[in-house]
Amino acid sequence: MLRKYARMRKEYLTAKSEDKKREFVHERKMQLKEALENKQPIPHHLKMFARADKERLELDDEETAKLKTHIDDEYATAGIEDPKVLITTSHAPSQKLTTFAKEMRLVIPNSQRMNRGSTGVPEIIEQARSAKFTDVIFVHEQRGEPSELVVCHLPLGPTIHFGIHGTVMRHDIEGCGPMSQQLPHLVFENFSTKLGERIKSTLQYLFPVPRKDSSRVVSFDNTSDYVSFRQHTFTKKGKDVTLTEIGPRFELRPFLIKLGTADMKEAETEWQLAPYTNTAKKRRLL
């Protein structure tokens, strides 16, 4: 089993190393296509590869014309197979963190909560792989408050770390409605950059595809790189729509993406938040 995952990991890293080459060829093809469609002279830097790129363009269809990266391999079964998520906490969790983990189990359909005990991260990842889980979520705390949420995609990664801010449990929300068991529709706002799409994919594929008549909605709204999580149910009466918040509420801020699972200390860092640079306040990452 270890040899299998070592081989898969090697293939995954090889595919990632080919990403830049694919991006370069794809950009070259698009420039050639634009020149041919507009009946313009082929740019000088494209002439050497023009014949081969033209043949590639002629062979492309709607599917092969899209640029594919290692990210497509990570979520190859998304939308085909329902995700199966394991949720656990740090060691010796407080009552509030335990309650937060229980509410996250209600938020994410087809998820299971595991009491951590003294089990280490490598053992949890290995058990989750064996049980065919697609993701593992770790929730951590600082001074009795939920402070970090780690989403580890299986079997090979990535692992994304989020800071948690402003947590409000369901019982603290005034007029909070009963938790719905329907699969939720997902709403994503302001995830416009390449990094934003990366974060969006990770969150989106934690949830199964809902039925069209579902009345439950989960929203992720990005404002200044803080992702606000809200959950509602709605009822329709004619043209009137009534929203009922069912909680919980919290804000997520991504700060680290690792190209591997949570137990891989040697995993490459894909992206890391650098909040103390001179331009940090001006940049919008997501």
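The values are calculated or read from the model by the stated rules, or taken from the named source; none is laboratory data. All of these numbers come straight from a predicted model, not from anything done at the bench. Because the Cβ atoms are built from the backbone with ideal geometry, glycine has one as well, and the counts that use them run over all protein chains shown. Only protein heavy atoms, including side chains, enter the accessible area calculation; ligands, DNA and RNA are left aside. Shrake-Rupley method; radii C 1.70, N 1.55, O 1.52, S 1.80 Å.
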With a sphere of radius 12 Å drawn around the Cβ of Phe49, what net charge do the other residues whose Cβ falls strictly inside it have (Lys, Arg +1; Asp, Glu -1)?
+3
Quick one: which residues, 5 or more positions from Gly177 or on another chain, have an amide H under 5 Å from its amide H? H modelled 1.01 Å from N in the peptide plane, none for Pro or chain starts.
Glu245, Ile246
Debye, to nearest 20: dipole size of the chain, +1 on Lys, Arg Cβ, -1 on Asp, Glu Cβ
160
Could you state how much accessible area Arg116 has, in square angstrom rounded to the nearest 10, with a 1.4 Å probe and all protein chains kept in place?
20
Taking the chain as a Gaussian network, where each spring joins two C-alpha atoms under 10 Å apart, which residue of Leu195, Leu46, Leu256 fluctuates the most?
Leu46
Considering the chain as a Gaussian network with a 10 Å cut-off on Cα pairs, which listed residue, Val136, Val217, Val151, attains the greatest mean-square fluctuation?
Val217
Mean-square fluctuation check for the chain, GNM, Cα pairs under 10 Å: which of His165, His91, His185 is largest?
His91
Given the chain, longest segment not containing exposed loop GluC sites (Glu not before Pro) (DSSP; at most 15 other Cβ within 10 Å):
64-173
Per-residue ellipticity at 222 nm attributable to helices in the chain (runs of n ≥ 4 DSSP H, -39500 (n - 2.57) apiece, nearest 500 deg cm²/dmol) works out to -9000 deg cm²/dmol
Helix 194-204 vs. the chain, principal-axis angle (Cα, 0 to 90°, nearest 10)
50
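Report in % the part of the accessible area of segment 101-207 that belongs to carbon and sulfur, leaving out ligands and nucleic acids; probe 1.4 Å.
Result for segment 101-207: 47 percent of the exposed heavy-atom area is carbon or sulfur.
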Surface accessible to a 1.4 Å probe, Tyr226 within the full protein complex, Å²:
80
May I ask for the angle, rounded to the nearest 10°, between helix 19-37 and the longest principal axis of the chain, with both axes built from Cα atoms and the value confined to 0 to 90°?
60
According to the square roots a ≥ b ≥ c of the eigenvalues of the Cα gyration tensor, what is the shape class of the chain, taking rounded for a/c under 1.5, prolate for a/b larger than b/c otherwise, and oblate for the remainder?
prolate
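Please give the per residue accessible area of the chain, computed with a probe of 1.4 Å over protein heavy atoms only, in Å².
Ligands and nucleic acids excluded, the result is 60 Å² per residue.
Restricting to DSSP loop positions (anything but H, G, I, E, B) with no more than 13 other Cβ atoms inside 10 Å of their own Cβ, which trypsin sites (Lys or Arg not before Pro) remain in segment 133-215?
Details: sites: Arg143, Arg170, Lys194, Arg198, Lys200, Arg211, Lys212; in loops: Arg143, Arg211, Lys212.
Answer in residue order: Arg143, Arg211, Lys212.
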Using the alpha-carbon atoms, what tilt in degrees (0 to 90, nearest 10) does helix 50-59 show relative to the longest principal axis of the chain?
50
